[in-house]
Every structure is written in structure tokens, then in C-alpha cells.
């Protein structure tokens, strides 16, 4: 009899434990993490007795105006791309050029410019590298352009540069360019006093606005470029007496950027209306 009652007791104990386990499990199973936007922003230990008692609609809108600071940027993007979905983007550059300060001058009154080049070397590209871009370089006429931080998403004031291009060229392929500039321009930079004072140099040369023409249709190419890979180099010679004899010294001087910024002009109206996203789960991709 004792053995039988003991067996019944064990059986009752098993039922009791099983019932207790199910009760605990049912209590914990009733809790669900919130299924609304932003639930992953709460750490688990902060989620306590949260329940959903209403629903709401989330709407997203495209901003047509924004701001971006690219002042003194060491690298950026230059070129033109027109997308069926996003519209067109023209990426340009505005910068001052400066020679290294020096009291050595250019070699005296015999110094003569031989050539001057604008160098442009891209580190990569986006788009179709077979696309030919028409590059235009304009001379800056008003240095107030550099006084305030320019919004890179807004066009620069047309009154701050010469609307007639100083020089034009075609850019394509991997984005490498060695563009000859007028020799008279190179000669105008050869002021020994201007090498000692940047303010004097700026009275001779205020900077360049490097931009591109728009392309018909869709496509284009944009180049990644560092400001250290966009510079001017002047090749010149002068006569110097060595051991009592006149000797011709050939040398060069490099002009690199000082104040600078990139300009990104976006026109979404050039997108294809048929490619417009129609609803939240639209499968249109590019």
C-alpha cells in the first residue's frame, strides 16, 4: 500500500510541476515585442509592457532644396550625368591657385615663359568613360566668392566669373588631361614680388571655375578627382651668369589650390516621368 501511495504522490508531483511550467510558459508567451516603426531603437531591457493601440501612416517626400558644404574639400566629383530616374547632376569646381611663397623670384628680368599647362588626373569614374565631356575653364573675377562658405548645391553667382571661357577642351576615357593655356597668361604670372605676398598674386590671377556642358539624352560620366591632381605648371627659362658666362636655366613652377569648393547642380525635372516611383513597393530600380 505504501508503495502504491508513493507512486500516486510522485505522479501528482509530476502533474504539479508540469502545470507550473505551462503556467510560466503561458505568462511569458503572452508578451510580444512591439511591431511598430523604431522598435529596434529600444534595448531589450527597456521594453516593458508595450502594446499597440493605434495605427498610423508614414509618408516620405523628396526635398527639392538642401545644403552641402564642400569648402576646402580635398577631393570630390566632376562631370555630368543624366539619369532617367534621378535627373541630371553637373559637378564643377571653383578654386584659387597659389605658388609657393619664395623670395627667389623667377630669375630676374630675363625670365620668359615657355609654356603653361592645366593638369587634371582622375582617380576613378562613374558612368560611361567613352562619353566626351566638353570642359570649360572660366576666370574668376570676384574673390568675394571665397569669403563665405558656398552651398555646393546652389549655382555660383554669374557676376563672379567671366562668362566667356578662358579655354575649352574635351575630356573622356579615364579622365587624364594636360591642357595648354595661353602663353601670355603664363607670362603674366611671372611677378617676383607676387611670390612673396598672396594678396599681390590674387590681383593678377583670382582663380578658375572649371565646369562642363550638359549632354543630350541620358548617360554621362563623373570623375573622382583630388585637388592635388588639378594644378597649373609653368615652364620657363632665364639667363644667369655662371663662371662669367651667360647660361640659360630651364625650370618650372607649380601652382596649387588655396581656397576652393565643389559645385553640384541637380535638376530632377530631367528625369523620365515614366520612371517615377508610383507607390511604396514600386519595383523600379536603376
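Odds and ends about this structure:
- Residue in region 118-139 that is surrounded by fewer than 16 Cβ atoms within 10 Å (Cβ to Cβ), closer than 21 Å to residue 236 by Cβ and in contact with a helix residue (DSSP H, G or I) (Cβ under 9 Å, 6 or more places away or on another chain) present: yes
- Restricting attention to region 221-239, the residues that are in contact with a helix residue (DSSP H, G or I) (Cβ under 6 Å, 6 or more places away or on another chain) and over 18 Å from residue 184 (Cα atoms) add up to 0.
- In region 199-213, the residues that are under 19 Å from residue 167 (Cβ atoms) and surrounded by fewer than 17 Cβ atoms within 10 Å (Cβ to Cβ): 204, 213
- Pairs are defined by a Cβ separation below 8 Å, a sequence spacing of at least 6 or placement on different chains, a first member in region 155-175 that is under 25 Å from residue 266 (Cβ atoms), and a second member that is modelled with pLDDT under 90 and assigned to a loop (DSSP other than H, G, I, E, B); the pairs so defined are 156/150.
- Within region 42-66, considering residues that are modelled with pLDDT of 75 or more and within 34 Å of the chain's Cα centre (by Cα), the one nearest to residue 146 (Cα to Cα): 61
- Yes/no for residue 80 being part of a strand (DSSP E or B), surrounded by fewer than 17 Cβ atoms within 10 Å (Cβ to Cβ) and in contact with a strand residue (DSSP E or B) (Cβ under 6 Å, 6 or more places away or on another chain): no
- Among the candidates 220, 186, the residue that is more than 30 Å from residue 128 (Cβ to Cβ) and surrounded by 15 or more Cβ atoms within 10 Å (Cβ to Cβ) is uniquely 186.
The values are calculated or read from the model by the stated rules, or taken from the named source; none is laboratory data. Just so it is clear, the model here is predicted, and its values are computed rather than measured. Cβ sites come from the backbone with ideal geometry, for glycine too, and all protein chains shown count toward neighbours.
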